[in-house]
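Inspection log for the structure reproduced underneath, given as structure tokens.
Values in this text are rule-based calculations from the coordinates and carry no lab data. Since the structure is predicted, the reported quantities are computational estimates derived from the model, not experimental observations. Heads up, the Cβs are rebuilt from the backbone with ideal geometry, glycines too, and the neighbour counts pull from every protein chain shown.
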Amino acid sequence: MTKTIIKAKGKSISRRSALQLAGATAALTFPAPFINRAYAREVLYVNTWGGPWEEAAQKHLFEPFMKETGVEIKTVSPVSFAKLAAQVKTGVYEFDVTTLGDSDIVRANEAGIIEDASKAPLDQSKLWPGAVFQNGVGSHAFATLISYRKDKFPNGGPQTWADFFNPQKFPGTRCLQRHAGRVLAIALLADGVAPDKLYPMDLDRAFKALERIKPHLRVWWTQGPQSGQLLRDGEVDMIGIWQTYPVRLIREKQPVEMIWNQALLDRAYWVVSKGSPRAELAWKFVQSAIRPERISKFALENVYGPLNPKAFDFVSAEDAKLMPTSPDNIKKVVIQDTTKASDQLQEASKQFERWISR
Amino acid sequence: MAQVGGIVAQSRSGRTAAWLLLLPALAFLAVFFLIPLGQVLYFSVMDPKFTLHHYAAFFTDDFYWRVLFGTFRTAAIVTVFCLLLSYPLSYAIVRLGGGFATVMLLIVAMSFWTSFLVRTFAWMVILGNNGPLRGILSALGWTPAPELLFTRFSSTLAMVHLLIPFMVLALYSVMKKIDHNVVRAAISLGATPFEAFRRIFLPLSAPGIVNGCTLVFIMCLGFYVTPVLLGSPREQMIAGLIGTQIEEFLEFGEASATAVILLCVTMTVFAIYNRFVGLDKLWG
């Protein structure tokens, strides 16, 4: 019953106010089937990263799906691993679908908080080899890369993570994402660990490397749009950031440079929240979101790299060059193999949080 | 006799009416406060069987002690600065009265009515690297001006600003009731104005000081968003820690235990206050 009320309330938000009142009353007084008839339009709740990500998803993934199926998509942001876990525990679902990066999907699958993709009603003929990973369906690749303010480094800023971790050579304030999985991998790269030897991670070595720049880490970013703002406002001189933001800032002619070299590649996977009452609809959405013509347009907007190989039929050779998965960039980026780190990520995150506040 | 019985019945029905009036608020608090609170308590000791290890972990780990101590220290510093800034202001409002008092109280109230979040973001703009404050500092010749945002200074400054209205209102409500003739009498009997203030006005305004400090201190113990957004990453407040325990680690048990400890600490401060002053006086 609780679920029903929440569902009905969610639906009524977009209606006119007269209906809102009626909806709320109906939810409280009538049994569930009645409400479903009164509001023929189904709703799917999608968890998004907010900012430019959501703008692009709205235009190229959500709207076509809504038009095609008549289902209404409502968004919740930002992506929250904790909420994903909490809703499985409480049975009250704030969202049905979300995307997770390489290290988080391993954690989520380990914790059993996402639906089994092998039992999902997915059209296997539309999938490609490796499309399903840890019960998620591959969507797009993004990268955590070095970006710096050109006004602070007119003669060129840090070109590698080793430079980023060298405050003598490149003095200035730094910022990284408050995300153990990514930051510890970056610290190891900075300390000279070969990309294929990253996992399992040597945590002591990673923290020792981080110690070198600790006094220069002014702030940690937690949400994508915040990282873009910090760079735009010049609050920090260099930052480890998703490519989306410097790409936009460069388009806006801000004095910002981005470095593809050693960019840490993450793949985002669509996952369905375990036990969601709208799981079937959620998988239907996932199926539509990986369609090559849609994912290619979505990816182009913020230069993500679509994981569906067919998507490149819809991308010009020139545009493809900018993507993290382009033949040129893929040689420079570092691909994570987080499955080897599955049993150490939770503990590493704890150690990382303590290290920050020490 | 019949009349007395009528009065008794009336007062009894009056009491029933009073309880009935209380009912909506009680029901609301029970559903939205007491039940969730009970759940937090439950989570803190059941994992999944009864255990006290979340509490044991908290008290045997110096990391938590440091956070708890840091939270207390921040709350104490903020309280002291709030008092130092609010006392002269409230005194001036009471003494000068008239239009000045109206305008000042309106300014305080306006800041009281603006959301914490909005004011926190305003501080981000003011203290930012390209913000006005740093611009003024460099114009005055301090180059390069120090970076202000994401420091202990910035979060303390903002918390003082956010909590000043509580302190001012607590002080003002007590000071307003002080009969100034007592101070005048002291002066007429040979006390210097300062002595009269120190020995007469200050002790009379003490309840306001205690009220204001208790309010500010307790609110500060639970501050979350301001230290997270403005403070240095090393400066961890206990509410922020609870947020991380849930957001990052999904440690509901650990987070619940920390929340219960924060609640106990807050209740202790209230209990001390209640013992010496009385809770009913808290709002003037």
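Between the residues B:252, B:271, B:123, the greatest Cα displacement towards the positive end of the dipole of chain B, with unit charges on the Cβ of Lys, Arg, Asp and Glu, is found for B:271. Listed values for the stretch B:133-143 are Karplus-derived 3J(HN,Hα) couplings in whole Hz (6.51 cos²θ - 1.76 cosθ + 1.60, θ = phi - 60°), namely 5, 5, x, 5, 4, 5, 4, 7, x, 8, 10, and x replaces Gly and Pro. Setting aside same-chain residues fewer than 8 positions from residue B:49, which aspartates and glutamates have a Cα under 18 Å from its Cα? Of all the aspartates and glutamates, those that pass the test against residue B:49 - Cα under 18 Å, at least 8 places apart if same chain - are B:251, B:254.
Between residue A:243 and A:143, A:145, the built amide H atoms are under 5 Å apart, and every one of these is 5 or more places off in sequence or on another chain.
By the count of other C-beta atoms within 10 Å, a proxy for reagent exposure, B:168, B:183 are ordered fewest to most as B:183, B:168. Listed by chain and number, the lysines whose alpha-carbon sits under 21 Å from that of residue A:310, ignoring those within fewer than 8 places in the same chain, are A:59, A:126, A:284, A:297, A:321, A:331. With the Cα gyration tensor of the stretch A:212-354 giving a ≥ b ≥ c as the square roots of its eigenvalues, does the rule (a/c under 1.5 for rounded; else a/b larger than b/c for prolate; else oblate) give rounded, prolate or oblate? It comes out oblate by the Cα gyration axes.
Sparse packing (at most 15 other Cβ atoms within 10 Å of the Cβ) combined with a DSSP loop state is found for the following GluC sites (Glu not before Pro) in the stretch A:244-284: A:252. Annotation: lysines with alpha-carbon distance below 20 angstrom to residue A:350 (same-chain offsets under eight excluded): A:83, A:208, A:214, A:340. Near residue A:42, the amide H atoms lying under 5 Å from its own belong to A:72; only residues 5 or more places off or on other chains count, and H is placed 1.01 Å from N. Annotation: the residues A:251, A:149, B:152, sorted from fewest to most other C-beta atoms within 10 Å of their own C-beta, follow the order A:251, B:152, A:149. Among the DSSP beta bridges whose two residues both lie in the protein assembly as shown, what percent are antiparallel, rounded to the nearest 5? Of the beta bridges lying entirely in the protein assembly as shown, close to 65 percent run antiparallel. Taking the number of Cβ atoms within 10 Å of each Cβ as an exposure proxy, the fewest-first ranking of A:238, B:219 is B:219, A:238.
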